[in-house]
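S.K.: One structure coming up, written as structure tokens, with questions to follow.
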Amino acid sequence: MQKSLINFPELACKWEKGRLKLSLLRLLVPKTEIDVCSVRSVEQSIGKAEKGLEGYIETTAVILMHKEDMRKMGVKNGGKVKVSSAYGSVVVKVYETDETRPGLALMPNGPWFNAITGGDIQVTWGDHYYLVKAMLETTDKEVTRLEEIEENFTREDKE
């Protein structure tokens, strides 16, 4: 029997190991609106120093969320979410933190945060922290590659 994948915006079905597997997550867990604040991360520097670019990506292509928000979305530590704003979207890994409150997520400064911000972001807590409204949804897609982000910025500059 041939494996097939049927994609609908709200439902994914696929044949796996002789069974029809349904993914109703998008029906059960709608997109979640959340404020995303940029942060400086010591882990970024350590990751880059210890593992080079791979370590930087592992520690920067992330969003840190309160456990209540993660529970509501049905996402676990190390899962992936698509973060979308009026300016762009990226897929990043999500991790639980107790350093924030429900409704506020943290993203390290870097290309993934820059990809969802625009010129009219709200400055908070001084000159180095920014706040942007975003929609989050769980996804099975891979983390957005650094090259994709660079291509989008290059394309925008030419327009």
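The values are calculated or read from the model by the stated rules, or taken from the named source; none is laboratory data. Quantities reported herein were computed from a predicted structural model and do not represent experimental measurements. We place every Cβ from the backbone using ideal geometry, glycine too, and count neighbours over all the protein chains shown.
S.K.: Within region 89-108, how many residues are in a loop (DSSP other than H, G, I, E, B) and at negative phi? Show your work before the answer.
M.R.: If we filter region 89-108 for residues that are in a loop (DSSP other than H, G, I, E, B), which is where we start, we get 97-103.
Filter once more, keeping what is at negative phi: 97-102.
Adding up the residues that qualify gives 6.
S.K.: Touching a residue at least 24 places away in the same chain (Cβ under 8 Å) and in a strand (DSSP E or B), is that true of V75? First the steps, then the outcome.
M.R.: Values: touching a residue at least 24 places away in the same chain (Cβ under 8 Å): yes; in a strand (DSSP E or B): no.
For V75, the condition - touching a residue at least 24 places away in the same chain (Cβ under 8 Å) and in a strand (DSSP E or B) - is not met.
S.K.: For region 41-48, check the following and say yes or no: at least one residue is among the aliphatic types (A, V, I, L, M), at pLDDT below 95 and surrounded by fewer than 20 Cβ atoms within 10 Å (Cβ to Cβ).
M.R.: Taking region 41-48 and keeping what is among the aliphatic types (A, V, I, L, M), we get 42, 46.
Subsequent filtering for residues that are at pLDDT below 95 retains 42, 46.
Subset that is surrounded by fewer than 20 Cβ atoms within 10 Å (Cβ to Cβ): 42, 46.
Within region 41-48, one or more residues are among the aliphatic types (A, V, I, L, M), at pLDDT below 95 and surrounded by fewer than 20 Cβ atoms within 10 Å (Cβ to Cβ).
S.K.: In addition: Given (1) surrounded by 17 or more Cβ atoms within 10 Å (Cβ to Cβ); (2) out of contact with any Pro (no Cβ under 8 Å at 6 or more places or on another chain); (3) modelled with pLDDT of 95 or more; (4) closer than 15 Å to I34 by Cα, where does S85 come up short, assuming only one miss?
M.R.: Checking S85 against (1) surrounded by 17 or more Cβ atoms within 10 Å (Cβ to Cβ); (2) out of contact with any Pro (no Cβ under 8 Å at 6 or more places or on another chain); (3) modelled with pLDDT of 95 or more; (4) closer than 15 Å to I34 by Cα, the one that fails is (3).
S.K.: Can you find a residue in region 45-57 that is out of contact with any His (no Cβ under 7 Å at 6 or more places or on another chain), within 15 Å of L106 (Cβ to Cβ) and of a type in the set (A, V, I, L, M, F, W, C)?
M.R.: Scanning region 45-57, I find no residue that is out of contact with any His (no Cβ under 7 Å at 6 or more places or on another chain), within 15 Å of L106 (Cβ to Cβ) and of a type in the set (A, V, I, L, M, F, W, C), so the answer is no.
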